[in-house]
Amino acid sequence: MPTMRAAEVWPRVAAERVALADELEALAPADWDAASLCAGWRVRDVVGHLVYLGEGTYRGLACDIVRHGRGVLPNRMLDAMAKRTAQAEPAELVERLRAAADGRFRAPGAPPAASLAEVIVHGQDIRRPLCLPAPERDPESLIPLLTLYRRIGVYFTRSGSYGVRLVATDVDWSAGSGKEVHGPALGLLVALAGRPPAPGELEGPGAETLRARTRSTPAG
């Protein structure tokens, strides 16, 4: 199973945050209130979430879970904190995201690679509804993230990728058994994160199965 060392992950996380901040700086004011691909969140809410994670500390997380999650519902807390952070002006959010690029906070127990996958997926939550192209990446670099999200995908989707065979069309990677879904590595990653695929992005008899497992509320 491909793995990523922390020393590899964090520089890529920082680069993704800075690149996204550069893109956000060019958005029109109305774009910030557009619906994102993450159900229930506007573009500014997704940015607020990323800023919160970049600036995060474990002590702050514990306090926020008690205050907003009633100790047992972290998604409720994340939703509250994203929307609270999102109240800042766009220019401030951009600057805070850029300033927090080197932040290494992550959910307790989550591998560092999860932080990289999260910023990549949330970048697509913003770009797709605004018809912005994805940054150029070597699809080979997404293989460890695909492997990770296939393992923990049940957190993001109903039933995860059970009963589906995933086949990347731009890199040598496949996993699972059942109805086949084929498409680019980034499209598969976003689908495993519980987002509906873009029209024509994923094909095969399993594509509709993945679409039907999309969650209706944010799951990180």
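On the basis of being in the same structural domain as V47 (by TED's automatic domain parsing) and either part of a helix (DSSP H, G or I) or free of Cβ contacts under 8 Å to residues at least 24 places away in the same chain (or both), does L146 make the cut?
Answer is no for this residue.
Please give the helices (runs of 4 or more DSSP H) falling wholly within segment 42-111 in which 1 or more residues are of a type outside the set (D, E, K, R), farther than 17 Å from L27 by Cα and modelled with pLDDT of 95 or more. Full working, then the answer.
Numbers: elements: 43-55, 58-68, 74-85, 90-99.
In segment 42-111, the matching helices (runs of 4 or more DSSP H) lie at 43-55, 74-85, 90-99.
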Looking only at segment 162-184, and only at residues there that are closer than 21 Å to A212 by Cβ and of a type in the set (S, T, Y), the one that is surrounded by the fewest Cβ atoms within 10 Å (Cβ to Cβ): S177
Among the residues listed as G200, G153, G123, G187, the single one being in contact (Cβ under 8 Å) with a residue 60 or more places away in the chain and either in a helix (DSSP H, G or I) or surrounded by fewer than 22 Cβ atoms within 10 Å (Cβ to Cβ) (or both): G123
Qualifying residue in segment 180-193 (condition: at pLDDT below 95 and more than 16 Å from P144 (Cα to Cα)): no
Residue selected from segment 126-150 under the condition buried (at least 16 other Cβ atoms within 10 Å of the Cβ) and basic (K, R), by the criterion farthest from E23 (Cα to Cα): R150
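Of A110, A100, A82, which residue is out of contact with any helix residue (DSSP H, G or I) (no Cβ under 6 Å at 6 or more places or on another chain) and either surrounded by fewer than 21 Cβ atoms within 10 Å (Cβ to Cβ) or not charged (D, E, K, R) (or both)? Let's see the steps before the verdict.
Values: A100 fails: out of contact with any helix residue (DSSP H, G or I) (no Cβ under 6 Å at 6 or more places or on another chain); A82 fails: out of contact with any helix residue (DSSP H, G or I) (no Cβ under 6 Å at 6 or more places or on another chain).
Within the list A110, A100, A82, the selection yields A110.
The values are calculated or read from the model by the stated rules, or taken from the named source; none is laboratory data. Owing to the predicted nature of the structure, the values given are computational and were not obtained by experimental measurement. Methodologically, a virtual Cβ is constructed for each residue, glycine included, from the backbone with ideal geometry; neighbour enumeration extends over all protein chains shown.
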